[in-house]
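Worksheet: one structure, shown below.
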Amino acid sequence: MQHETPKQPVETISLSEDILLIPSHEEQAIALFHAIDTNRAFLSRFLPWVEYTQALSDTVSYLKHALENSAKGHELTYNIFRKNTLIGRIGIHQIDRTNDNASIGYWLVEEEQGNGIITKATEMILEVAFKGLNLQRVEILTATENKKSSAIPLRLGFVHEGVLRQMEKHGNVYFDLNIFSLLKQEWEVATITAKEAKV
């Protein structure tokens, strides 16, 4: 019997009454570019791609590429909206169907930091990864100097596997990256424990 690949979930995900994870679409290009352009100094500290997003056309091309990858089953990405304002982005990238693993990436505009949005969004994306896509392993990479971003996987039960030395190039500097991972059975146990704690 041939193995059937799970279909890509494409539904909007609600984090709260006013915060939604909406699947990527080209029509979001203006809102996405505005979020990046008005937070350029903040985002560029740890995200090397900001430097290559200089015009709206760059964002349009990026979203087209993201949609192509989604159609091929290689990634699944969402823009984060507070009401009608785009405030960040999160997604499952580098989906490897041979080994059932993938990577999660995220970012949030500066003024929305500290509200637990990315932690909650990542929590919801993990459900998509493990239940919707039936993955076995998910990893998150963060710059070692990015303490806030690195705290998120630890908060969600990820294991810190180590440091990838000089893994990512930022201009003329190479950043060390933390590598965190979570296995499906670990996520299942944590989910059951969390539900029991609420009863």
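Every read-out reported here was derived from the displayed coordinates using simple, explicitly stated rules and does not represent laboratory data. Predicted, not measured: the structure shown is a model, and the values here were computed from it. In this analysis, Cβ positions are derived from the backbone assuming ideal geometry, glycine residues included, and neighbour counts consider all displayed protein chains.
Taken over segment 124-156, the criterion of being in contact with a Ser or Thr (Cβ under 9 Å, 6 or more places away or on another chain), of a type in the set (D, E) and within 14 Å of L177 (Cα to Cα) is satisfied by E139 alone. A search for C-beta distances below 7 Å between a residue of segment 103-126 that is closer than 19 Å to F46 by Cβ and in contact (Cβ under 8 Å) with a residue 60 or more places away in the chain and any residue that is of a type in the set (S, T, Y) and in a helix (DSSP H, G or I), counting only pairs 6+ apart in sequence or on different chains, returns nothing. Scanning segment 38-53 for residues that are over 14 Å from G88 (Cβ atoms) and over 16 Å from the mean Cα position of the chain (by Cα) yields R40, A41, S44, R45, E51, Y52, T53. For segment 158-182, a residue qualifies if it is touching a helix residue (DSSP H, G or I) at 6+ places or on another chain (Cβ under 7 Å), surrounded by 15 or more Cβ atoms within 10 Å (Cβ to Cβ) and over 17 Å from I104 (Cα atoms), and exactly one does: H170. For the residues K169, K184, the requirement of being under 17 Å from D100 (Cβ atoms) and touching a strand residue (DSSP E or B) at 6+ places or on another chain (Cβ under 8 Å) singles out K184.
Where helices (runs of 4 or more DSSP H) fall entirely within segment 19-137, those with at least 3 residues that are surrounded by 17 or more Cβ atoms within 10 Å (Cβ to Cβ) are at 29-37, 56-71, 117-127.
Within segment 138-184, being assigned to a helix (DSSP H, G or I), of a type outside the set (A, V, I, L, M, F, W, C) and either farther than 25 Å from G116 by Cα or without any contact (Cβ under 8 Å) to a residue 24 or more places away in the chain (or both) holds for one residue alone: K147.
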